[in-house]
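Engineer: Please see the structure below; I have some questions.
Rule-based calculations on the coordinates, nothing more; no lab input. As the structure is a prediction and not an experimental result, all values here were calculated from the model. Don't worry about glycine lacking a Cβ; one is built from the backbone with ideal geometry, like all the others, and counts go over all protein chains shown.
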Amino acid sequence: MNKITSTLTLLSLSLTTAFSQVGQPFIHDPSTIVECDGKYYTFGTGGGGLISEDGWTWKGGAVRPGGGAAPDAMKIGDRYLVIYGATGGGLGGGHNGRILTMWNKTLDPNSPDFKYTDAVEVAASDGLEDNDAIDPGLLLDPTTGRLWVCYGTYFGTIRLIELDPNTGERVKGNKERDIAIDCEATDLIYRDGWYYLLGTHGTCCDGVNSTYNIVVGRSRTVTGPYLDNVGRDMYHGGGRMVIAAGDSVTGPGHFGRTVIDEGIEIMSCHYEADYRQSGRSVLGIRPLLWKKGWPVAGDRFKGGTFEIESERRGYALELAVDFVRQQHQRQGFWGANNNTPVKPIATQKLEEVIDTWPKGDIPVRIGDYMFRPHQRWTITPVAEAGGYLGGPYYKIVIEGTNRALAATADLELSTAAEFNGADEQLWRIEQAIDGTFRIMPKAIPGQQGLNTKYVLYSIADSTPTLAEWDFNTDNSKWNFRAH
């Protein structure tokens, strides 16, 4: 690229700091992530699953009876519905499978209310028909309240059936519909008048040689047809790419969507192989972006040194210090001697200006970006600080120093002379569905608990503050530029 600036997305391939979900995120065919009593759960093939206290550090311990493969889960009312495939998928040498549902009041195996109901069969395949009853995905239609299930593998068609959201049983008289081919591990979601069918394409279960990727089509009706971005029907093999291999992981499959806040969404999946973790199958969580009405995986924020740029005006977050002019011999732009040698000019260095800065806390403001040291921020994940759904907490310091951006008790911003790991110096950074970012302090001094409300906010062109997140205003949004 020959531009001076580039966005974080374009830089992500060159950043060296890379990490997966931490702890023991080992799972295959994960369900959509479900929250229960402040913890996060996902279930996988084999009957078990993962639990996380914060959405970042995962461990085993989720419980799902019945064994089988490729479950899905969702909360309906005050209960949790779990659906899974028993056999099928070529397991045991055949494609005769069954789809079963069961309920629980809680997903916490240590709760006295933890007890699954008896499993109920809602679909089956005999091993000879053009379908394989496995890999179910749930959709509770927010416009009608009707409950749908898609299922199937490469062995035949992807089918759609309707369940009763009160019982989890098949609606009487419901006839399955064929809606796609050439994919498996499907899921259905709804957004802005469109139904989206997410399908896993390619080969699975072969570690670093797996070619899994996730594709999508959409329809105005839940029954289809599901067309991709160039009008190909998924029933004839169409599908627009959502996520493929990259960043040392390969084989993404089993899509799940979680809406965290207005304009903030994540997608979950497994990666067939993580090169950094012995090639094991691991849980993946990525920002979910929407581009021209299509879902696409964003890149997890990894840190680096950036200009933090306001979406409101394009000005840069900076220390509120005196501007120090850079000394250089000005070149005339008229009558210039073309034979004069051209040489680069170094940008201003930290050591040239740091002694002019106050020694204690320094407020921040927003101003024209000029490559200056008081405008360059180094952002680094803090391993011991935990995280949130999809990312770790970060420290944000002026490049070359330990001067840390911090939230104040009066909902303003300052920089502490030294980073000390306090919650008000830790930051949650999430990519919004439009590709911009929201930046939130972990906690506000004097307020109890984690902050889930206040974000870095440009209240005016030159005035940053903390205010409530509002996806519908550019005041809440920021970009990271590397120069």
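Engineer: Given a Förster distance of 56 Å, report the FRET efficiency between Ala460 and Arg146 from their Cβ-Cβ distance, rounded to the nearest 0.05.
Structural biologist: Result of the calculation: an efficiency of 0.75.
Engineer: For segment 172-322, compute Rg over Rh where Rg is the Cα radius of gyration and Rh is the Kirkwood radius from the inverse mean 1/r over Cα pairs.
Structural biologist: 1.08
Engineer: Then there's this: Considering only DSSP beta bridges where both residues belong to segment 21-297, give the percentage that are antiparallel (nearest 5).
Structural biologist: 95 percent
Engineer: What FRET efficiency would be calculated for the residue pair Leu91, Glu399, taking the C-beta separation as r and a Förster radius of 56 Å, to the nearest 0.05?
Structural biologist: Here the calculated transfer efficiency is 0.60.
Engineer: Sort largest first and round to whole Å: the equivalent ellipsoid semi-axes of segment 24-137, each the square root of five times a Cα gyration tensor eigenvalue.
Structural biologist: 26, 15, 10
Engineer: Work out how far the C-alpha atoms of segment 21-297 reach from end to end along every principal axis, then list the three figures in whole Å, largest first.
Structural biologist: Its Cα atoms span 46, 44, 44 Å along the three principal axes.
Engineer: Radius of gyration and Dmax for segment 266-319's Cα atoms, expressed in Å?
Structural biologist: 16.2, 45
Engineer: With label points built 7 Å along Cα→Cβ from the Cα atoms of Arg276 and Lys115, find their separation and express it in nm.
Structural biologist: If labels sit at Arg276 and Lys115, their model points lie 4.4 nm apart.
Engineer: Roughly what would the spin-label model give for Glu351 and Ala417, points 7 Å off Cα along C-beta, in nm?
Structural biologist: Calculated label separation equals 2.2 nm.
Engineer: Determine the shape class of segment 385-483: with a ≥ b ≥ c the square roots of the Cα gyration tensor eigenvalues, call it rounded for a/c under 1.5, and otherwise prolate if a/b is greater than b/c, oblate otherwise.
Structural biologist: rounded
Engineer: What residues qualify as long-range amide H neighbours of Arg376, i.e. H under 5 Å apart, gap of 5 or more or another chain, H built at 1.01 Å from N?
Structural biologist: Placed amide hydrogens put Glu399 under 5 Å from Arg376.
Engineer: Along Cα→Cβ, 7 Å out, is where each label goes; now give me the distance between the ones at Thr211 and Lys105 in nm to one decimal.
Structural biologist: It is 5.0 nm.
Engineer: Moving on. Quick check on segment 304-389: take the gyration tensor over C-alpha atoms, sort the square-rooted eigenvalues as a ≥ b ≥ c, and tell me if it's rounded (a/c under 1.5), prolate or oblate.
Structural biologist: prolate
Engineer: In the chain, what cysteines have no partner Cβ closer than 4.7 Å?
Structural biologist: Cys36, Cys150, Cys183, Cys269
Engineer: Give the separation of the Cα centroids, segment 385-441 to segment 172-232, in Å.
Structural biologist: 38 Å
Engineer: Taking the number of other C-beta atoms within 10 Å as the exposure measure, put Glu424, Glu262 in order starting with the fewest.
Structural biologist: So the residues, fewest neighbours to most, are Glu262, Glu424.
Engineer: List the pairs from Lys75/Lys302; Lys302/Lys453; Lys39/Lys442 whose alpha-carbon separation is above 25 Å, in the order I gave them.
Structural biologist: Among Lys75/Lys302; Lys302/Lys453; Lys39/Lys442, the Cα-Cα distance tops 25 Å for Lys75/Lys302.
Engineer: Additional query: Whole number please: convex hull volume per residue, Cα atoms of segment 49-207, in Å³.
Structural biologist: Taking the convex hull of the Cα positions in segment 49-207, it is 145 Å³ per residue.
Engineer: Now for a separate question. At a Förster distance of 41 Å, what's the computed FRET efficiency of Glu262 paired with Lys172, Cβ-Cβ distance as r, to 0.05?
Structural biologist: For R0 = 41 Å, the calculated efficiency reads 0.60.
Engineer: Determine, for Trp103, Trp56, the number of other Cβ atoms within 10 Å of each Cβ, and report the residues in order from fewest to most.
Structural biologist: If I rank by nearby Cβ atoms, fewest first, I get Trp103, Trp56.
Engineer: Does a label point 7 Å from the Cα of Asp164, set along Cα-to-beta-carbon, have any residues of segment 127-157 with amide nitrogen under 20 Å, and which are they?
Structural biologist: 138-141, 144-150
Engineer: Let me ask another. Apply the Karplus curve 6.51 cos²θ - 1.76 cosθ + 1.60, θ = phi - 60°, to the phi angles in segment 99-109 and return the couplings in whole Hz, x for Gly and Pro.
Structural biologist: Taking θ as phi minus 60°, the curve returns 10, 10, 10, 7, 10, 8, 6, 8, 9, 7, x Hz for segment 99-109.
Engineer: Specify whether the C-alpha gyration tensor of segment 161-239 places it in the rounded, prolate or oblate class, a ≥ b ≥ c being the square roots of the eigenvalues: rounded for a/c under 1.5, otherwise prolate if a/b is larger than b/c and oblate if not.
Structural biologist: The shape class here is oblate.
Engineer: Take every Cα-Cα pair in segment 140-196 and report what % of them are more than 19 Å apart.
Structural biologist: Tail fraction, whole percent: 33.
Engineer: At a threshold of 8 angstrom on Cα-Cα distance, excluding pairs fewer than six apart, so keeping six or more, what relative contact order does the chain reach in percent?
Structural biologist: Result for the chain is 11 percent.
Engineer: Given Cβ point charges of +1 (Lys, Arg) and -1 (Asp, Glu) and nothing else, what value in debye, to the nearest 20, does the dipole of the chain about its Cα centre take?
Structural biologist: I would put it at about 980 debye.
Engineer: How much of the calculated P(r) for the chain lies past 42 Å, in percent of all Cα pairs?
Structural biologist: Here the long-distance tail beyond 42 Å is 26 percent of all Cα pairs in the chain.
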